[in-house]
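Values in this text are rule-based calculations from the coordinates and carry no lab data. Just so it is clear, the structure is predicted and the values come from calculations on it, not from any experiment. Using ideal geometry, Cβ is built from the backbone for each residue, glycine included, and neighbour counts are taken over all protein chains shown.
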Amino acid sequence: MIHARIAGTGGYLPGEAVTNDDLLKRGIDTSDEWIAARTGIRARHFAAPGVTASELALVAARRAIEAADCAPDDIDILIVATSTPDYIFPSTATLVQNGLGIRNGGAAFDIQAVCCGFVYGLAMAEKFIASGSHRRALVIGAEVFSRILDWSDRGTCVLFGDGAGAVVLEASSVPGVRATALHADGSNHSILCVPGNVASGKVTGDPFLRMDGQAVFKFAVKVLGEVAQEVVDRAGVSHDSIDWLVPHQANIRIIQSTAKRLKLPMDKVVTTVDRHGNTSAASIPLALDCAVRDGRIRAGQRVVIEGVGGGFTWGAALIDF
Ligand code: ACO
């Protein structure tokens, strides 16, 4: 049987940290106390004007490839999860493939599952590898959410940041990604969305992120608790065997309630939301990379990742490192 193991991780945050107080200086009617108490966020990073998701992705990808000790041309499938692609087309994945100098004719495509995009990408890559059709996958979450924020809407613009995270997954005889679960419920599409488009050379609809915060909060807490349990059950392992939970980093209160459902103390939960804000599809691989590089996540340990995003979409994976 062919398994898929994580061979390397990489991450990239653009520019300097922008604190909650910096947002006040930029004219947003908010306070550090309000943001920190409700979300746990203290800072986030924003890409400079003109910097694109593929540029952030490229840096994270190079770091993951280096950590995996392979060459770009060893990557035979490249998946980018993003809701803020460089263009309508071509895909951000093909731009990253070109930027990495990959000329092996491997597959490259984007997926759109908003904040759950990385979990969707990882689950898909695992299935390509397990089928034997591909040997080495690069899965990236990359976002420039600052481009779709309405700076006059203080209920949303303080929550998000820009960044990219990446993992290299490779074929192995030893189990790595042991269980995955992916879900969606389109009936909730309107509680978190960017309900606009470009048509006939003009923006149609609304090009900014809109959210019913309380509805999103309730939905996220419910499904994240359920889906984490689902992958634990599918893998047939006990809660005690989980070393780390690496959740989507939207809000510390959502993270705390999921940890409670899994009976995990907070010192087993990787959190970056205080420093990164919500970087959507990038948040899980960025958090994973932080914990791998600072030595918390080590070979032989068991990790659950989980995400929830607009659509609504949600999912999880149980991974042995
Ligand atoms: N600073 C100061 N005051 C603010 C701000 C702000 N940035 N934003 C809103 N307020 C005010 C509102 O105007 C309102 O004032 P009023 O009572 O005078 O009318 C008051 O704060 C309460 O507003 P609510 O929207 O009811 O605040 P709530 O307690 O629901 O908190 C929040 C909002 C933080 C968004 C919360 O609903 C939440 O955490 N939701 C989860 C959403 C989330 O994490 N989304 C991330 C994206 S989704 C994802 O990644 C899956």
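Any idea how many Lys pairs in the chain come in under 18 angstrom at the alpha carbon, given 8 or more places apart or on separate chains? Before the final figure, lay out each step's value.
Working: Lys218/Lys260; Lys222/Lys260; Lys222/Lys263; Lys260/Lys268.
Number of lysine pairs found: 4.
Judged by the mean number of other Cβ atoms found within 10 Å, the most tightly packed of the peptides 270-280, 71-81, 133-143, 25-35 leads the ranking 133-143, 270-280, 71-81, 25-35. Take the Cα coordinates of the range 130-239, assign each an equal point scatterer, and use the Debye formula without solvent to give log10 I(q)/I(0) at q = 0.14, 0.19 Å⁻¹. Evaluating at q = 0.14, 0.19 Å⁻¹ gives log10 I(q)/I(0) of -0.89, -1.18. Applying 0.36 nm per residue to the separation of Asp267 and Ser200 and subtracting their alpha-carbon distance, the gain on full extension is 18.9 nm. Taking Cα centre as origin and charging only the Cβ of basic (Lys, Arg, +1) and acidic (Asp, Glu, -1) residues, the dipole magnitude of the range 234-289 rounds to 260 debye. Calculated translational diffusion coefficient of the chain (25 °C, 0.890 mPa s; Stokes-Einstein with Kirkwood radius over alpha-carbon pairs) equals 127 µm²/s. Across all C-alpha atoms in the range 1-129, the radius of gyration and Dmax reach 17.5, 57 Å.
Per residue of the chain, what 222 nm ellipticity follows from adding -39500 (n - 2.57) for every DSSP H run with n ≥ 4, rounded to the nearest 500?
Details: 10 runs with 104 residues, N = 321.
Computed mean residue ellipticity for the chain: -9500 deg cm²/dmol.
How charged is the neighbourhood of Ala281? Take every other residue with its Cβ under 13 Å from the Cβ of Ala281, and add Lys/Arg as +1 and Asp/Glu as -1. Intermediate results must be reported in sequence, preceding the final value.
Working: positive: none; negative: Asp110, Glu143, Asp162.
That works out to -3.
Our estimate of slack between Gln301 and Ala184, defined as 0.36 nm per intervening residue step minus the Cα-Cα distance, is 39.2 nm.
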